[in-house]
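The values are calculated or read from the model by the stated rules, or taken from the named source; none is laboratory data. Bear in mind that the values here come from a model prediction, so they are computed numbers and not experimental data. Cβ sites come from the backbone with ideal geometry, for glycine too, and all protein chains shown count toward neighbours. Just the protein is used for accessible areas: all its heavy atoms, side chains included, with ligands, DNA and RNA removed. Shrake-Rupley method; radii C 1.70, N 1.55, O 1.52, S 1.80 Å.
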Amino acid sequence: MGILDAIFGRSKQVQPNLDALFALPTAALTLEASAQQHPTGVGAVCFRQVEGGPFARLKADVTTLLGGAEPEEVHDDYGYTWLVVRREPSQMSELCTDLHAVNSTLEEAGFGPSLLCTTIGLRDDDGRRVALVYLYKRGTFYPFAPLDAQRQDRDNALELQVRALVGGDLPIEPDVSRWFPVWGAPGV
């Protein structure tokens, strides 16, 4: 960043670091040991809806990369598409590898600007849910803990607890105003 950038308040755009997804298994172990949050085995990649032949071919490529397991395609109320990948909850490393492959394939096919986030779900024995959300355009993570299915409230205390617990494992988004809710995210 040059002196003029500093004077005019410009900053360099943070580049996504998809390799950060490989830190999720360590963070999940931390949460399992410290907060009794267990992986659900569900992860998802969210992006702006894409139509047509190129996306159909891309989905076939992703299915091939995932060893023939076709990701579930879910469309939400906000116009986003989620490619959902499922694994056994004990296969967190494999799930993260799959999510990395989905993100990389979308990015290499020119859909990088359409990528929004990647999520993995966790749940404790009392039913409290939390997602670790990777913001593609920021290269950071944040926790999202919905309190109810009606999309009205969040468990802010749990989100702050999760941030404190996994801050050494993951690059956490420092600007909490960017911790947007991902209501209805698969696996959460």
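Within the range 133-164, how many residues are part of a helix (DSSP H, G or I) and within 21 Å of TYR78 (Cβ to Cβ)?
Of the range 133-164, the ones part of a helix (DSSP H, G or I) are 156-164.
Retained after the next criterion (residues that are within 21 Å of TYR78 (Cβ to Cβ)): 159.
The qualifying residues number 1.
Residue under question is GLU88, and the condition is that it be more than 18 Å from GLU108 (Cβ to Cβ), touching a helix residue (DSSP H, G or I) at 6+ places or on another chain (Cβ under 7 Å) and either among the β-branched types (Val, Ile, Thr) or open to solvent by 80 Å² or more (accessible area, probe 1.4 Å) (or both); does it hold? Explain how you work it out, then say what you get.
Details: more than 18 Å from GLU108 (Cβ to Cβ): yes; touching a helix residue (DSSP H, G or I) at 6+ places or on another chain (Cβ under 7 Å): no; either among the β-branched types (Val, Ile, Thr) or open to solvent by 80 Å² or more (accessible area, probe 1.4 Å) (or both): yes.
No; evaluated as a whole, the condition is false for this residue.
Considering only residues of the range 60-85 that are in a loop (DSSP other than H, G, I, E, B), touching a residue at least 12 places away in the same chain (Cβ under 8 Å) and on the phi < 0 side of the Ramachandran plot, which is most open to solvent (accessible area, probe 1.4 Å)? It would help to see each step written out before you state the result.
Let us first name the residues in the range 60-85 that are in a loop (DSSP other than H, G, I, E, B), namely 66-71, 76-79.
Retained after the next criterion (residues that are touching a residue at least 12 places away in the same chain (Cβ under 8 Å)): 66, 69, 71, 76-77, 79.
Still in the running and on the phi < 0 side of the Ramachandran plot: 66, 69, 71, 76-77.
Working: LEU66: 21, ALA69: 57, PRO71: 6, ASP76: 38, ASP77: 126 Å².
This residue is ASP77.
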For the range 149-188, give me each residue that is crowded, with 17+ Cβ neighbours inside 10 Å and among the basic types (Lys, Arg).
ARG154, ARG163
Can you find a residue in the range 101-124 that is open to solvent by 50 Å² or more (accessible area, probe 1.4 Å), polar (S, T, N, Q), at pLDDT 90 or above and in a helix (DSSP H, G or I)?
no
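Restricting the search to the range 16-59, which residues are in a helix (DSSP H, G or I) and in contact with a Gly (Cβ under 7 Å, 6 or more places away or on another chain)? Give the derivation first.
Within the range 16-59, the first condition is being in a helix (DSSP H, G or I), and the residues that meet it are 18-35, 53-59.
Matches in the range 16-59: ALA20 only.
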Subset of the range 125-145, residues open to solvent by 20 Å² or more (accessible area, probe 1.4 Å) and either within 14 Å of GLY41 (Cα to Cα) or small (Gly, Ala, Ser) (or both), comes to GLY127, ARG129
I'd like to know if the range 84-96 contains one or more residues that are out of contact with any Asp or Glu (no Cβ under 6 Å at 6 or more places or on another chain), under 23 Å from ARG178 (Cβ atoms) and at pLDDT 95 or above.
yes
